[in-house]
1. Among the listed residues N2, N83, which satisfies the condition of being away from the ligand (no atom under 13 Å from the Cβ) and surrounded by fewer than 21 Cβ atoms within 10 Å (Cβ to Cβ)?
2. Quick check on the stretch 5-35: of everything there that is closer than 14 Å to G72 by Cβ and either part of a loop (DSSP other than H, G, I, E, B) or touching a Lys or Arg at 6+ places or on another chain (Cβ under 6 Å) (or both), which residue is farthest from the ligand (Cβ to nearest atom)?
3. Run down P54, P41 and say which single residue is touching a residue at least 40 places away in the same chain (Cβ under 8 Å) and in contact with a helix residue (DSSP H, G or I) (Cβ under 8 Å, 6 or more places away or on another chain).
4. For L93, only one of the following conditions fails: (1) surrounded by 15 or more Cβ atoms within 10 Å (Cβ to Cβ); (2) in contact with a helix residue (DSSP H, G or I) (Cβ under 8 Å, 6 or more places away or on another chain); (3) farther than 15 Å from G13 by Cα. What is its number?
5. Mind listing whichever residues of the stretch 43-60 are in a loop (DSSP other than H, G, I, E, B), under 20 Å from M1 (Cβ atoms) and out of contact with any Gly (no Cβ under 9 Å at 6 or more places or on another chain)?
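Every number here is computed from the coordinates shown, using simple stated rules; none is lab data. Source: prediction; values computed, not measured. Ideal geometry is used to build each Cβ from the backbone, glycine not excepted, and the neighbour counts take in all protein chains shown.
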Amino acid sequence: MNVLVIGATGSIGLLVVKEALAQRYAVRALVRRQAKARQLPPEAQVVIGEITRPETLAAAVEGIDAIVFTHGSDGSGKVGAENVDYGGVRNVLNALGSRTARIALMTAIGVTNRTGHYNQTTEAHDWKRRS
Ligand SMILES: NC(=O)c1ccc[n+]([C@@H]2O[C@H](COP(=O)([O-])OP(=O)(O)OC[C@H]3O[C@@H](n4cnc5c(N)ncnc54)[C@H](OP(=O)(O)O)[C@@H]3O)[C@@H](O)[C@H]2O)c1
C-alpha cells in the first residue's frame, strides 16, 4: 500500500512516516521545502508541494492508496484554520478526484468544543471538524 503523509515534517507527521515505514508501507511525504526533507528517513519518497496551492498536488496523490493528514496551521488564526487546516484537506481531496483512498485526519484535542474561548477566537475546531 502506498501511503501519502501530509505534514510529514511536523512533530506528528515524522512519527507517522517512521511508523508507516516500520509497518512496511511505501511512504510518500509531501514537503514544502527540499531542505526540510533531510530530517525524513531516506526510505520515504519526497514530493515537493504545498497544500494551499492546488497546482502542486497532482504528483503527490498519483498512485496513492491512503492519505494521513497531520498538517497544521501555526497560530495564524482564522485565516490559517480555514486555508490550511481545512483548505489543505479540500485541495488534496480535489486533486485525488474520483480516485479513492483510505483517509486518516489528525484533528485536535477538544475538537468538538465549539463554545470555548480558543475556538471562538480561532475557529480552529470548526475548520478541523469540517475537514
Ligand atoms: N502536537 C500535538 O500534541 C497535537 C495534539 C493534538 C492535535 N494536534 C494537531 O495535529 C496537527 C499536527 O501537529 P504537529 O504538532 O505535528 O504540528 P507541526 O509540528 O507544526 O507540523 C505541522 C506540519 O504541517 C505542515 N504544513 C503547514 N502548512 C502547510 C502547507 N501550507 N502546505 C504543506 N504543509 C504544511 C508543516 O510543514 P513545514 O515543516 O514546512 O512547516 C508541518 O509538516 C495539527 O493540526 C495539530 O493541531 C497536535
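1. The unique qualifying residue is N2.
2. Result: A8.
3. Step by step, each of P54, P41 is checked, and only P54 is touching a residue at least 40 places away in the same chain (Cβ under 8 Å) and in contact with a helix residue (DSSP H, G or I) (Cβ under 8 Å, 6 or more places away or on another chain).
4. Checking L93 against (1) surrounded by 15 or more Cβ atoms within 10 Å (Cβ to Cβ); (2) in contact with a helix residue (DSSP H, G or I) (Cβ under 8 Å, 6 or more places away or on another chain); (3) farther than 15 Å from G13 by Cα, the one that fails is (2).
5. Filtering the stretch 43-60 for residues in a loop (DSSP other than H, G, I, E, B) gives 43-44, 49-53, 57.
From the residues that got through so far, the ones that are under 20 Å from M1 (Cβ atoms) too are 43-44, 57.
E43, A44 - these are the residues of the stretch 43-60 that are in a loop (DSSP other than H, G, I, E, B), under 20 Å from M1 (Cβ atoms) and out of contact with any Gly (no Cβ under 9 Å at 6 or more places or on another chain).
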